[in-house]
1. Counting other Cβ atoms within 10 Å, keep those with at most 13, restrict to DSSP loop, and tell me which chymotrypsin sites (Phe, Trp or Tyr not before Pro) in segment 92-188 are left.
2. Taking 0.36 nm per intervening residue step and subtracting the Cα-Cα distance, what contour gain separates ARG208 from LYS67 on full extension?
3. For VAL37 and ASN24, compute 0.36 nm times the residue count separating them, minus their Cα-Cα distance, and round to one decimal in nm.
4. Relative contact order of segment 80-213: what whole-number percent is it, with Cα pairs under 8 angstrom and at least 6 residues apart?
5. Which one, ILE92, ASN128, ASN176, is farthest towards the positive end of the dipole of segment 59-213 when Lys and Arg carry +1 and Asp and Glu -1 on their Cβ?
6. Determine the relative contact order of segment 154-211: mean sequence separation of Cα pairs under 8 Å and six or more apart, normalised by residue count, in whole percent.
7. Which of SER108, SER139, SER165 moves most in a GNM of the chain, Cα contacts under 10 Å?
8. Pick out, from ASN145, PHE185, VAL160, the residue whose Cα sits farthest towards the positive end of the charge dipole of the chain, with +1 on the Cβ of Lys and Arg and -1 on the Cβ of Asp and Glu.
Amino acid sequence: MNEDIEFVNQSTRIEKFKNFIIKNRKKLILTFLSIIVFLFILFIYQEFKEKKKLDIAEKFNNLTLIKIKKGEKDKLKKLIEIIASQNETYSILSLNYIIDNQLIDDKSEINKLFDDTIKIQSDDEIKNLIIYKKGLFNSNNINENELLKILNPVLKSQSVWKPHSLLLMSDYFYANGNSNKSKQFLKEIVNNEKINSNIKLEAQKRLRRFFNE
């Protein structure tokens, strides 16, 4: 008896499913086709992104195969175009190349390129590294408030670049004759248990060397 009831229930479910398919066949076909089209577009988009990335890599490698000299404006323009392409890897490499080879004298232009490169980063640690480099690049030419403003996102984080930024701030204040603030930043490094032991050791050395502590 129970088997007969189960058979009837199963048959009823199958019949309902068939009726549902027949009744909604147009919608189901459209949904299926939409999924196929979406997957196809997604595949094309991924292929396009990969090709664009390879093109940018090739462009950068060809540009830097022979050292770019100051005054080669066409090549510099192409490096800036790579930064503008918003490729996370080659934007950084292009900016580093421009700075290392001193291809741009205008610091405000360099800072704009820093900002453009920072904005596109999805990895927080890479972003913090670029912020630290921006602080380091500007540290000889700006006041303490401006430097703190640049480094603030890193100083407020738990990034691996935080101790480097603290050390940079200590060096900045020491070079500008503010020993008390320099010491404060060194002590913050030493007293932070989460900070890398090598950086902490360097801070301890500076405390002994400069402040006999």
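Computed from the coordinates by the stated procedures, all read-outs in this text should not be read as laboratory data. Since the structure is predicted, the reported quantities are computational estimates derived from the model, not experimental observations. Every residue, glycine among them, receives a Cβ derived from its backbone with ideal geometry; neighbour counts consider all protein chains shown.
1. Hits after loop and neighbour filter: nothing returned.
2. Contour length minus the Cα-Cα distance gives 46.5 nm.
3. Gain on stretching VAL37 to ASN24: 2.7 nm.
4. Values: 119 pairs, mean separation 18.9, N = 134.
Reported as a whole number, the value is 14 percent.
5. Highest projection toward the positive end goes to ASN176.
6. Numbers: 52 pairs, mean separation 16.8, N = 58.
Relative contact order for segment 154-211 comes out at 29 percent.
7. SER108
8. ASN145
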